[in-house]
1. Just checking, does the stretch 82-93 include any residue being basic (Lys, Arg) and without any contact (Cβ under 8 Å) to a residue 24 or more places away in the chain?
2. Within the stretch 8-46, how many residues turn out to be outside any helix (DSSP H, G or I), over 12 Å from ALA106 (Cβ atoms) and touching a helix residue (DSSP H, G or I) at 6+ places or on another chain (Cβ under 8 Å)?
3. Just to be sure before I move on: is ASP49 assigned to a loop (DSSP other than H, G, I, E, B), out of contact with any Leu (no Cβ under 8 Å at 6 or more places or on another chain) and either more than 26 Å from ASP5 (Cβ to Cβ) or at pLDDT 95 or above (or both) in the structure I sent?
4. Testing LEU26 on (1) surrounded by 15 or more Cβ atoms within 10 Å (Cβ to Cβ); (2) under 19 Å from ARG99 (Cβ atoms); (3) of a type in the set (A, V, I, L, M, F, W, C), one condition comes back false. Which one is that?
5. Taking the residues in the stretch 88-113 that are out of contact with any His (no Cβ under 9 Å at 6 or more places or on another chain) and among the aliphatic types (A, V, I, L, M) as candidates, determine which candidate is surrounded by the fewest Cβ atoms within 10 Å (Cβ to Cβ).
6. Name the single residue, out of those in the stretch 77-109 being in a loop (DSSP other than H, G, I, E, B) and at pLDDT below 95, that is nearest to LYS7 (Cα to Cα).
7. Which of the residues belonging to the stretch 59-76 are part of a helix (DSSP H, G or I), free of Cβ contacts under 8 Å to residues at least 40 places away in the same chain and surrounded by fewer than 16 Cβ atoms within 10 Å (Cβ to Cβ)?
Amino acid sequence: MSKRDVKLDRYGIGKYAYRELHNFCLQYQEKKRDIPRASGEWKEKLIHDCELIEQTAVEVSDRDYQCIILHVTQDIPWHNLRLVHGLMTYERGFREERRRFYHALAQKKKIIE
């Protein structure tokens, strides 16, 4: 089954910019795992990238930030987050939070203004 791209045109984020952001988020688990073994500037970059995702999720939703992190970093679907992880937001609201997350992340990464 192929995964659809999130439509972020209204935020000025095109298909390939979205894919760049999405792939950046998918590296989160790997970066978290590599932090203890890294050193110097590389370790600082890994920590910065992970904190960027975490802080952006908290800014978007201080209630659902953990589920946003799970969704954008592991592609866990909304219904799984709701059933297994206790997400309280309905699907439409969660999709809007996800769009706001990618918009805020794109601004922080200077992909858009």
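The values are calculated or read from the model by the stated rules, or taken from the named source; none is laboratory data. Just so you know, these numbers come straight off a predicted model, no measurement behind them. Don't worry about glycine lacking a Cβ; one is built from the backbone with ideal geometry, like all the others, and counts go over all protein chains shown.
1. Scanning the stretch 82-93, I find at least one residue that is basic (Lys, Arg) and without any contact (Cβ under 8 Å) to a residue 24 or more places away in the chain, so the answer is yes.
2. Qualifying residue count, the stretch 8-46: 2.
3. Against the criterion (assigned to a loop (DSSP other than H, G, I, E, B), out of contact with any Leu (no Cβ under 8 Å at 6 or more places or on another chain) and either more than 26 Å from ASP5 (Cβ to Cβ) or at pLDDT 95 or above (or both)), ASP49 does not qualify.
4. It fails just one condition, (1).
5. The qualifying residue surrounded by the fewest Cβ atoms within 10 Å (Cβ to Cβ) is MET88.
6. Ranking the qualifying residues of the stretch 77-109, first place goes to PRO77.
7. If the condition is that a residue be part of a helix (DSSP H, G or I), free of Cβ contacts under 8 Å to residues at least 40 places away in the same chain and surrounded by fewer than 16 Cβ atoms within 10 Å (Cβ to Cβ), then no residue fits.
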